[in-house]
Amino acid sequence: MPIQLPYETYGFRFNNYSNLHLPLCHLFAVGHDHITHDLYRWHGLERQDGPLLLFQYTLEGNGQLDIGQQTLKIQKHQAFLTEIPSDHCYYYDPQQEGWNFYFILIRPHTILPFWNEIVQFLGRTPFLPPTSKPIQILEEIISTAQAGLITDEYIASTYVYSFVIELRKYAESSPMPKLLPASITAAVQYIDQHYQNMIGQEELANQLGLSKYQFIRSFTKYMGITPNDYLNRKKIENSLTLLLSTAHSLEYIAQEVGYSSASYYIRVFRKLIGQTPASFRSTKHQLQYDKLYFN
C-alpha cells in the first residue's frame, strides 16, 4: 500500500540548474495532490513553465487526458507521461469522487533520451503496480522533499536519475515493447543530433536507403508526425531552454536552433506553442507551490 503523504507540491530552484553544461538531472517539482473540483485543468500549449517532462500516477479515482483529438480516462494505478509544451490537456472529471495522484516534473535536459525510450516501450498511459520500483522511488522523493532534505541540486539530481532509470528498467521489462524500425530510429537520432544544420529530406532518405516518399510515409506512420514537423518540434523544444534561462535576443536564439531569421522562428513557434516567444517568457500558467527550495 502507498505510504500516507500530505497533499503538497514542492518546487526546486537551485543555482547550478542554470548551468546547462553541467550534466545534472533537473528536478522542477514533485508532489501529492487530491482534486475534487473541475477548476483543475492544465493545457499543454498554454503553460509557460516548460520545457518539462511530466509523470503523473493515479492512486485513487480517475482523471481525464486529452491528447490531440483523443480523450483517455486515467484510472487507478495508471500513469500518464507527457511533454510540456505539447498538444494535451489533463483535468478532473467532476462525475468522479476525487482524483488522488503523485506527480513529478523534470527538465528534459540530460534525461530526454531515456524519456523517449520509456514512452516508446510503455506508451503514454501505462499501468504500474503501486509496489513497483518507480512508484516506490517517487514516494521516497515526495517524502524526502516534505522533510526538507532535498537541499541542493546534487541530491535532487540523484533522486531524478534513480526514478528515471528504474522507470526505464521497468519499461524494458514490459512484455510488449513497441520498437521502431531501424531506419526510423536512425532518422530520429540524426535529427536530434543535427537539427541546427539539417540536411534535406531526400538526402536523409538516401542515407537510410529509402526513397523520399518511403521515408516520409514510414516516418509519419511510426512517429505520428512528418519528418519536417518533427524537426520543427526539436528546434522549438531546444529554443525553450534558451528563452527561459537566458536573455538572448530572438534573432540569436533563432540562429542557435537553425532558423534563418527571427521572423520565421516566431511564426513556427506561434504555430506549435500557440503564442509568441516573447509572451512565453512571461510568468503565467505556473504551478503554485506549498514549498519552494533554492540556494
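Taken over segment 226-282, the criterion of being assigned to a helix (DSSP H, G or I), surrounded by fewer than 14 Cβ atoms within 10 Å (Cβ to Cβ) and either under 17 Å from the mean Cα position of the chain (by Cα) or of a type in the set (A, V, I, L, M) (or both) is satisfied by A278 alone. With respect to the conditions (1) among the small types (G, A, S); (2) exposed (fewer than 14 other Cβ atoms within 10 Å of the Cβ); (3) in the same structural domain as I67 (by TED's automatic domain parsing), G209 lacks only one, and its number is (3). Residues that are assigned to a loop (DSSP other than H, G, I, E, B) and either at pLDDT 90 or above or among the basic types (K, R) (or both) were ranked within segment 26-43; the one that is surrounded by the most Cβ atoms within 10 Å (Cβ to Cβ) is H26. Tally up the residues in segment 154-179 that are surrounded by fewer than 16 Cβ atoms within 10 Å (Cβ to Cβ) and modelled with pLDDT under 90, please. Selection size over segment 154-179: 8. The residues of segment 9-23 that are crowded, with 20+ Cβ neighbours inside 10 Å, modelled with pLDDT under 85 and among the hydrophobic types (A, V, I, L, M, F, W, C) amount to a single one, F14.
Scanning segment 188-205 for residues that are within 12 Å of N228 (Cα to Cα), part of a helix (DSSP H, G or I) and at pLDDT 90 or above returns I191, Y195, Q201, E202, L204. On the basis of being surrounded by fewer than 21 Cβ atoms within 10 Å (Cβ to Cβ) and either assigned to a loop (DSSP other than H, G, I, E, B) or touching an Asp or Glu at 6+ places or on another chain (Cβ under 9 Å) (or both), does F114 make the cut? No, not satisfied.
Of the residues screened, R107 is not one that is modelled with pLDDT of 90 or more, over 22 Å from Y10 (Cα atoms), among the basic types (K, R) and buried (at least 16 other Cβ atoms within 10 Å of the Cβ).
May I ask you to list the residues in segment 190-225 that are aliphatic (A, V, I, L, M) and under 21 Å from the mean Cα position of the chain (by Cα)? Passing the criteria: I191, M223, I225. The single condition among (1) surrounded by 17 or more Cβ atoms within 10 Å (Cβ to Cβ); (2) touching a residue at least 12 places away in the same chain (Cβ under 8 Å); (3) out of contact with any Pro (no Cβ under 8 Å at 6 or more places or on another chain); (4) farther than 22 Å from L54 by Cα that V188 does not satisfy is (4). Within segment 45-63, the set of residues being outside any loop (DSSP other than H, G, I, E, B) and within 17 Å of T9 (Cβ to Cβ) comprises L52, L53, L54, F55, Q56, Y57, T58, L59, G63.
Scanning for something crowded, with 19+ Cβ neighbours inside 10 Å, in contact with a helix residue (DSSP H, G or I) (Cβ under 7 Å, 6 or more places away or on another chain) and more than 22 Å from L231 (Cβ to Cβ), does segment 139-150 turn up at least one residue? Checked segment 139-150: at least one residue is crowded, with 19+ Cβ neighbours inside 10 Å, in contact with a helix residue (DSSP H, G or I) (Cβ under 7 Å, 6 or more places away or on another chain) and more than 22 Å from L231 (Cβ to Cβ).
Report, by residue number, each residue of segment 70-107 that is out of contact with any helix residue (DSSP H, G or I) (no Cβ under 7 Å at 6 or more places or on another chain), within 22 Å of G50 (Cα to Cα) and not in a strand (DSSP E or B).
S86, D87, Y92, R107
The values are calculated or read from the model by the stated rules, or taken from the named source; none is laboratory data. Here the structure is a predicted model, which means the values were calculated and not measured. Cβ coordinates were reconstructed from backbone atoms using ideal geometry, including for glycine residues, and neighbour counts include every protein chain displayed.
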